[in-house]
1. Filter segment 131-148 down to the residues that are part of a strand (DSSP E or B) and free of Cβ contacts under 8 Å to residues at least 40 places away in the same chain and list them by number.
2. Answer with yes or no whether V130 is modelled with pLDDT of 95 or more, hydrophobic (A, V, I, L, M, F, W, C), surrounded by 13 or more Cβ atoms within 10 Å (Cβ to Cβ) and under 19 Å from A36 (Cα atoms).
3. Looking at Y67, Y115, which one is aromatic (F, W, Y) and over 18 Å from L158 (Cβ atoms)?
4. For segment 86-116, what are the residues that are touching a residue at least 40 places away in the same chain (Cβ under 8 Å), assigned to a strand (DSSP E or B) and not β-branched (V, I, T)?
5. Identify, please: which residue in segment 60-84 is aliphatic (A, V, I, L, M) and not in a strand (DSSP E or B) and is, among those, surrounded by the fewest Cβ atoms within 10 Å (Cβ to Cβ)?
6. Mind checking whether some residue in segment 53-60 is of a type in the set (D, E, K, R) and within 16 Å of the chain's Cα centre (by Cα)?
Amino acid sequence: MQTRITLSVLVLMGTALIVATPARAADDNTQAVKAAVATFHEALNRLFTGDDAPMKAIWSHADDVTYMGPTGTRQVGWSQVEPHWDKQAAKKLGGKVDAVDVHVTASPQLGVAVYYEKGENIIDGQVQPVSIRATTTFRKENGQWKVIGHHTDTLAYLEQ
């Protein structure tokens, strides 16, 4: 009788672990993508000072990446996205933008974050508010979450 109870408890514990493992893994992926969103915005704020190295580091350098940002243009592939970051860094927009109200959906290889970018830039000494919608898509590459897509509303003072 004691053996049956012990065996039943072990079976229940094993079942609980099997059921809990995917949920825990999904939560781990969600938290990792949220951390990647924070890293992306740290890189974005460094970009406003003229330093594009952190932004280039967070992006995948693959041919399938896409960027449609507040300038209203579209870049496809790292060969188009990278020079865009060079141009943005050269503007030294100043200010700070944060990700607000972040919602993440993640799997072991892909993550999508939908949120608002709020803050300000400084153009010709004038504070320009930033309040736009954003979607950032990440892919896990060599164990690191890399940006493969970023899409925002446009900002009139940046439109080309």
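1. S131, R133, A134, T135, T137, K140, Q144
2. Details: modelled with pLDDT of 95 or more: yes; hydrophobic (A, V, I, L, M, F, W, C): yes; surrounded by 13 or more Cβ atoms within 10 Å (Cβ to Cβ): yes; under 19 Å from A36 (Cα atoms): no.
So V130 does not fit the description; no.
3. Every option except Y115 fails the conditions.
4. Across segment 86-116, the qualifying residues are K96, D98, A99, A106, G111, A113, Y115.
5. A62
6. Initial filter on segment 53-60 (of a type in the set (D, E, K, R)): 56.
From the residues that got through so far, the ones that are within 16 Å of the chain's Cα centre (by Cα) too are 56.
Within segment 53-60, one or more residues are of a type in the set (D, E, K, R) and within 16 Å of the chain's Cα centre (by Cα).
The values are calculated or read from the model by the stated rules, or taken from the named source; none is laboratory data. Please read all numbers here as calculations on a predicted model, not as lab measurements. Neighbour counts are summed over all protein chains in view; Cβ atoms, including those assigned to glycine, are modelled from backbone coordinates with ideal geometry.
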